[in-house]
Every structure is written in structure tokens, then in C-alpha cells.
Amino acid sequence: MSDITLPLQYSYIEALPEGCIEWQPDAITTPELVYLNRPLAKQLGLELASVDDNTLAPFFAGNGLPETIKPFAQAYTGHQFGHLAPMLGDGRAVILGEWLDSNENRWDIALKGSGRTPFSRGGDGKAALGPMLREVLLSEALYHLGIATTRSLAVVATNEPVQRQQLLPGAILTRLAASHIRIGTFEYFATRNDVTNLKALADYTLNRHYPELAQQQSPYLAMLEAVMQKQARLVASWINCGFIHGVMNTDNILLSGETVDFGPCAFIEQYKPGAVFSSIDQHGRYAYANQPKIMHWNLARFAETLLPLLDGEDSQKVEVLTDTINRFPDRYRQQLISGQRQKLGLFFSEEDGDTELVSQWLDLLHQNKMDFTQAWRNLSRVLRGDDTPLLEQVKEPSQLTDWLARWHQRLERDASHTSSLTDSQRAEKMEQVNPFIIARNHQVEAALTAASDNNDYHLFNDLLSALQQPFAENETTRPFATPAPEEFTERYQTFCGT
Ligand code: AMP
Ligand code: MG
């Protein structure tokens, strides 16, 4: 029996008993704690600091849980690569329960890789160590870049092999999420014409994520608007830091607006709108620059599920939902440009020409195969009087110097709105939005190989420490600032459901 007493709640299973199944994780004989996110545990008020690893390991393997903990697997459906998969669900995960932190925030605590469930279909319900450590690195990277994301609390090595293309060491990840309600969860009840549970889910989601909207005249429509806004912000923040999610199926889109599912994701190195790394994304559906369009498509699937919950004639309801959804591209563009203005150092004013200024900049990046992260970061160096690093990134400096002249003129107009910002202060503010480092694919792979193949966590820990301070330029981050060799990026592939 575990010494950890964790009073968890079960509001989801109480509201939607037909949307989940109580389920126990597999027994693991020799679990070993290889990662614990202590700052996160502390932030949540989880009292784990004094608990030793021999107690934590079985707990995070889902074994020897206190009797009050009743894990469950959630049902969901989803559009995968544009096609409806009517029956998905947690095939290799269980939710241990919900934790209420001291700010009354409700978190799902979930285990991923904890064994087969009634939703496993042909899968083994397991996860390999490398991909679970990858989720830690990438989710921490996003979090510290200020992007809404599910979090990684712990990883336990199971010391049992899992069969993939080869035998790999197994692991279980503990994931925290504001909730695991997906567009696919709504689709689950909608495709079954189960309006009672669909309404229960919509009311539950409103209450959990958008309580301020519950009193509106049309709360479900208001929720659609709010979800759209969150997703517009999320995708804009991915685009502005060069992140490709890689598998934006509707079952991987959370109503909370957090990033989830880190299987095939990756950051771009050189700026390339069509960049794709996922081994199964043959037609580039989830390519870097396609993400806003795909989110719009996903939100249309969400809107469709709400049809039976609205009042009025069908044709009217379809019109209202369509009008709402059609506002997404605009919402997205607003979020995008507002992030880009900051990246350009424009903190005080907005001009219509800003969009063109950004697209000319991005064209330069594209034509010159410039490293996306370095190019943005080098702009603040220019403000500090050193344009060499930026000019070294291009083949033909004259185009860049023309653009820099236009940018300087624009900065001057922005400066006239305030007299108090010097160039170096502006550079400093830009360096809080343009990261010095991102999770570069070659570094991630090197860290995972050392940890997974050789049980050597030095590189993993060093990279993680760096990713936890992506805007700082110091001895911790500097070793991870170098782009991958071009040949590496060209060959690099990522994988789903690993
Ligand atoms: P994902 O690609 O991780 O979004 O997973 C899509 C669906 O496949 C979800 O229903 C997962 O639960 C399920 N799945 C992925 N990997 C496994 C596995 N190893 N065993 C069972 N189900 C899995
Ligand atoms: Mg998924």
C-alpha cells in the first residue's frame, strides 16, 4: 500500500458515467522513477517532496494506489487525418482522478502507457521510455515558452520491454491536464445521437472551463466562441515559435485550449512553411503552415456536434454555427499579428502595414533558408548595434538591409508613442518573446538515445534545464543553441502512438 494520500475527485465520471469505464493499470513489478517534475508538484501543492522514490515509483506506475483512487478510461471518437474513427478512447491511459489545487484549479492526473483498456483495440496499451521522455522535453519546452500545454509530472521506467519495430524499454508518463475533454469527446456522443449525454458533456465543459458563460443567453454558442478564441491563440503561438504539432486529429484537440499529444511534434529549424516531420503525414495535412486551416476544420467538426443543443430551425442553427466558425481565420490572424508585432519589437502601436512587414521578413527567411529561431533572436542583436549574426545568415545581404531599413523606420514610429524605451530596453523586451533556444530535434534525439539506450540521463537533464529557460542566453542554454545539420533535418522523422 502506498504512503501517498492524494484526495482526488471524480466530477467527470459522476457527470458522464457513460463516457468512461473504471479501469485498473497493469501491475508493474519493478517500477523505477526516472523523472519527477518537482517544481510542478510544488506548484500544484502535491506533497511529494518528503516521499522517497521507492514509494513514488509504484504510485506513478499506478500500482498500490490508495483505495480512494478509482482510475478510469475515457471514451472518445475522432477525425483522424480527415476520416471519422468512430471508436477511439483511452487505449493506453487511465485518469487517476482530479486534483484541486489551492487556487481551485482542477487538474486531471493521468497515466499514459499503463496497460490495455477496453478501448485498446489492437494496441498493447504500453508506451516506450524514449517517447515518454520526449513528451517531458517537448511539453516543458512549450510551457516555458509561455504556450498553453498539458504538463508532464513523472516518468517511471517499467523495466519491462515493449514491442515496437524492435524491443524497447517500457515506461509510464504521468500527465496533468486542465481536462482531457477533446473535440472527439463531443463527437463520441454526437455520432451516437446521444443528445442527453451530449448536453451533459456540454454543461460539464462549460462549468469546468467556461463558468462565466453559463448564464449567457446561448451558452453553447458562447462556448464555441471561447474555444475558438483559445485555439486561435494556441495555433498562433505554435506558429510564432516554429512548432509543428504533427497530429491535429480532433481527438487531440482539447476544449481547454492546451496542447496535447506530443507523439510526432517537432520544431522547425530553417523556416519552411511546408515542413512536415511525421512519418505518416504523407500529404502534409498537418504541415507547419497548414495548422491554422486544420484548426478551422477541426472547429467546424466541433460546431457540428453542438447542433442538437441549440434552439430553433435546423437551417437557422446551421447558419449561426457557420457564421461563428467563419470568424476563426480573422481571430487567428489577430492573434498571430499581435504575437509577431512583439517579436518585431513593436510594443506600442499597430499599423496595417505590419502584416506586410512580417511577410516580407518571412519571405527572406524562406529564400535564405534561415534558421527561424536564430533569425528572430538576431533582430534584437541588430538593435544592440551588432548586425553581423543576422547578415551571416543570408546569402545576399542587400535584400535584408532594405528590409532592415523599413523595420527601423517602423520602430521609430513605434518609439514616438513613448519616449522611455531605449534600443537596448526594446531589445531586452524582444528577447522575452524571441527564444534563444528551442528543443532542437538533433539534441532531443541525442538526449533520448543516451537515456533510453544507455541509461545515461546527463544530456536529458542538461537539455531539460536549458528548455526551462529558453529566453536566457547563458552557459546552460548556449550548448543547445546550434541548429541541426541540414542533412539531419532533411532525414528527420517523427512517429505517432509510439
Ligand atoms: P494517438 O496517436 O496517441 O493520438 O492515439 C490514437 C488512439 O490510439 C487513441 O485512442 C489511443 O489510446 C490509441 N493508442 C495509441 N497507442 C496505443 C497503444 N500502444 N495501445 C493501445 N491504444 C493505443
Ligand atoms: Mg492522442
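The values are calculated or read from the model by the stated rules, or taken from the named source; none is laboratory data. Because the structure is predicted, anything quoted here is derived from the model rather than measured. All Cβ positions, even for glycine, are placed from backbone atoms using ideal geometry, and neighbour counts span all protein chains on display.
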>> Out of Glu445, Glu428, Glu396, Glu475, I need the residue that is in the same structural domain as Gln340 (by TED's automatic domain parsing) and modelled with pLDDT of 95 or more. Which one?
In response: Glu428
>> I'd like the full set of residues that are out of contact with any Ser or Thr (no Cβ under 6 Å at 6 or more places or on another chain) and within 13 Å of ligand 2 (Cβ to nearest atom), limited to region 91-113.
In response: Arg92, Ala93, Ala110, Lys112, Gly113
>> Anything in region 1-57 that is closer than 30 Å to Thr196 by Cβ, surrounded by 12 or more Cβ atoms within 10 Å (Cβ to Cβ) and acidic (Asp, Glu)? List them, or say none.
In response: Glu18, Glu22
> Which one is surrounded by the most Cβ atoms within 10 Å (Cβ to Cβ) among residues in region 231-288 that are more than 13 Å from ligand 1 (Cβ to nearest atom), part of a loop (DSSP other than H, G, I, E, B) and among the hydrophobic types (A, V, I, L, M, F, W, C)?
Replying inline: Leu255
>> Could you check region 392-411 and list, in sequence order, the residues that are over 17 Å from Gln367 (Cβ atoms), in contact with a helix residue (DSSP H, G or I) (Cβ under 9 Å, 6 or more places away or on another chain) and among the aliphatic types (A, V, I, L, M)?
In response: Leu411
>> Restricting to region 117-171, count the residues that are within 16 Å of ligand 2 (Cβ to nearest atom), of a type in the set (Asp, Glu) and surrounded by 19 or more Cβ atoms within 10 Å (Cβ to Cβ).
In response: 1
>> Here is a check on your reading of the model: is Ala427 without any contact (Cβ under 8 Å) to a residue 24 or more places away in the chain and either in a helix (DSSP H, G or I) or crowded, with 21+ Cβ neighbours inside 10 Å (or both)?
In response: no
> Just wondering, is there one or more residues in region 37-60 that are in contact with a strand residue (DSSP E or B) (Cβ under 9 Å, 6 or more places away or on another chain), in a loop (DSSP other than H, G, I, E, B) and within 11 Å of ligand 1 (Cβ to nearest atom)?
Replying inline: no
> Which members of region 50-83 meet the condition of being among the aromatic types (Phe, Trp, Tyr) and on the phi < 0 side of the Ramachandran plot?
Replying inline: Phe59, Phe60, Phe72, Tyr76
>> From the list Gly242, Gly257, exactly one residue is touching a strand residue (DSSP E or B) at 6+ places or on another chain (Cβ under 6 Å) and either in contact (Cβ under 8 Å) with a residue 24 or more places away in the chain or within 16 Å of ligand 2 (Cβ to nearest atom) (or both). Which is it?
In response: Gly242
